[in-house]
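Below you'll find the structure, written out as structure tokens, and then a few comments.
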Amino acid sequence: MAEAGSGAPEVAQATEAVRVAIAPRAPRVAIVLGSGLGFLGEGLEGTARVPYARIPGFPKPEVIGHAGELIAGTLEGVPVIAQSGRFHLYEGHDAAVAALPVRIFAALGVRTLIVTNAAGGIRRTYRPGTLMLIADHINMMARHPLAGRVVEGEERFPDMSDPYDRELRALARRVATDEQIALEEGVYAAMLGPSYETKAEIEMLKRIGADAVGMSTVPEVIVARARGIRCLGISTITNPAAGLGAQKLSHEDVLVTTDRVKGELGRLVRGIVRAL
């Protein structure tokens, strides 16, 4: 039997606040929207919006491109809840805070999690605008959202040998083919940030098998797997990683690239949700 951790009351309070705010909606799928990808939340129908200020334990997002609200509604006829605004570890948040929304999604009955993010491309064939299906990840954050006392309903030692569901990845590839969307597949490395990586760090990541690098996603997926939620991850490659391109890296360029490919990403996510 799992022992309730110190975060359990906070999860319960936040869950109840969200449940009341979105009633009578009962989402089956949750979508986490990465930097500049908030447009996906605009495509929901019959929405209820819950600002983070109304949810106990939710801090205010401080990163440009992260709105700061949960949006519940339907997408392609499927009840979903979208998280527009992440809590990043580099903002000073604990890993448990970064994963708090996922714990709420699980308590609401969500069984499928789709995570999106903006990432730097390590594989040399990746160009800005490439969409990469996440096949696996490497946690280089030196933080773990399950550390500490076990939260009720979560496994102490979840199996992470296949964190991104094989069937969901196959479904994503079929949708991409049907929609004529180029879709790569690779390994995502998560760094603590907030600085971009050095050339030596990118060389290290390349040698240990990473194809893309970012500063999010992993805490959410770990908690989702501990809760038995299926996960699917999609990275938008916004720039070559440090040392692999001529341009200086900037968050503004990240937002420009995500805006350029939002049509393809939107069609891909819609197609996946429709086929679930």
Hits in region 187-216 (condition: closer than 30 Å to GLU152 by Cβ and touching a His at 6+ places or on another chain (Cβ under 7 Å)) | TYR188, ALA190, MET215, SER216
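Is it true that SER6 is modelled with pLDDT under 90, farther than 29 Å from VAL213 by Cα, polar (S, T, N, Q) and in a loop (DSSP other than H, G, I, E, B)?
Values: modelled with pLDDT under 90: yes; farther than 29 Å from VAL213 by Cα: yes; polar (S, T, N, Q): yes; in a loop (DSSP other than H, G, I, E, B): yes.
Yes.
Quick grid of which residues meet (1) more than 17 Å from LEU33 (Cα to Cα); (2) surrounded by fewer than 22 Cβ atoms within 10 Å (Cβ to Cβ); (3) without any contact (Cβ under 8 Å) to a residue 40 or more places away in the chain:
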residue	(1), (2), (3)
SER161	yes, yes, yes
ALA170	yes, yes, yes
THR177	yes, yes, yes
ALA189	yes, no, no
SER195	yes, yes, yes
SER216	no, no, no
ILE229	yes, yes, no
ILE237	no, no, no
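Does region 50-57 contain any residue that is within 25 Å of GLU184 (Cα to Cα) and free of Cβ contacts under 8 Å to residues at least 60 places away in the same chain? Reasoning before the result, please.
We begin by selecting, within region 50-57, every residue within 25 Å of GLU184 (Cα to Cα); these are none.
Looking for residues that are within 25 Å of GLU184 (Cα to Cα) and free of Cβ contacts under 8 Å to residues at least 60 places away in the same chain, one finds none in region 50-57, hence no.
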All-but-one check, ASN139 against (1) farther than 28 Å from ALA275 by Cα; (2) assigned to a strand (DSSP E or B); (3) touching a Gly at 6+ places or on another chain (Cβ under 8 Å), failing number (3)
Selection count where residues are in a loop (DSSP other than H, G, I, E, B) and either modelled with pLDDT of 90 or more or surrounded by fewer than 16 Cβ atoms within 10 Å (Cβ to Cβ) (or both), scope region 77-86 = 1
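Please verify whether LEU183 is in contact with a Lys or Arg (Cβ under 9 Å, 6 or more places away or on another chain), over 17 Å from ALA95 (Cβ atoms), buried (at least 23 other Cβ atoms within 10 Å of the Cβ) and modelled with pLDDT of 95 or more, treating the condition exactly as stated. I'd like the intermediate steps shown before the answer.
Details: in contact with a Lys or Arg (Cβ under 9 Å, 6 or more places away or on another chain): yes; over 17 Å from ALA95 (Cβ atoms): yes; buried (at least 23 other Cβ atoms within 10 Å of the Cβ): no; modelled with pLDDT of 95 or more: yes.
When the stated conditions are applied, LEU183 does not pass them.
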Quick one: which of GLU184, GLU197, GLU179, GLU167 is charged (D, E, K, R) and closer than 17 Å to THR112 by Cα?
-> GLU167
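A quick yes/no check of all residues on (1) touching a His at 6+ places or on another chain (Cβ under 8 Å); (2) at pLDDT below 90; (3) surrounded by fewer than 16 Cβ atoms within 10 Å (Cβ to Cβ); (4) within 23 Å of THR236 (Cβ to Cβ):
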residue: GLY36; (1), (2), (3), (4): no, yes, no, yes
residue: GLU42; (1), (2), (3), (4): no, yes, yes, yes
residue: GLY57; (1), (2), (3), (4): no, no, no, no
residue: GLU69; (1), (2), (3), (4): no, no, no, yes
residue: ALA72; (1), (2), (3), (4): no, no, no, no
residue: LEU75; (1), (2), (3), (4): no, no, no, yes
residue: HIS88; (1), (2), (3), (4): no, no, no, yes
residue: ALA99; (1), (2), (3), (4): no, no, no, yes
Out of VAL11, VAL50, report the one residue that is aliphatic (A, V, I, L, M), in contact with a helix residue (DSSP H, G or I) (Cβ under 6 Å, 6 or more places away or on another chain) and either at pLDDT below 95 or assigned to a helix (DSSP H, G or I) (or both).
-> VAL11
Members of region 127-159 found to be among the β-branched types (Val, Ile, Thr), surrounded by fewer than 19 Cβ atoms within 10 Å (Cβ to Cβ) and either in contact with a Leu (Cβ under 8 Å, 6 or more places away or on another chain) or modelled with pLDDT of 95 or more (or both), listed by number | ILE138
Quick count over region 87-109, residues being of a type in the set (Gly, Ala, Ser) and assigned to a loop (DSSP other than H, G, I, E, B), is 3
Quick check: anything in region 167-174 touching a helix residue (DSSP H, G or I) at 6+ places or on another chain (Cβ under 9 Å) and at pLDDT below 95?
-> no
Say we look at region 140-187 and pick out the residues that are within 23 Å of GLY129 (Cβ to Cβ) and among the hydroxyl-bearing types (Ser, Thr, Tyr); which of these is farthest from the chain's Cα centre (by Cα)?
-> THR177
Residues within region 14-34 that are at pLDDT below 95 and among the polar types (S, T, N, Q), tallied = 0
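The values are calculated or read from the model by the stated rules, or taken from the named source; none is laboratory data. Note that the structure is predicted; figures quoted are calculated from it, not measured. With ideal geometry, Cβ positions are generated from the backbone for all residues, glycine too; neighbour counts draw on all protein chains shown.
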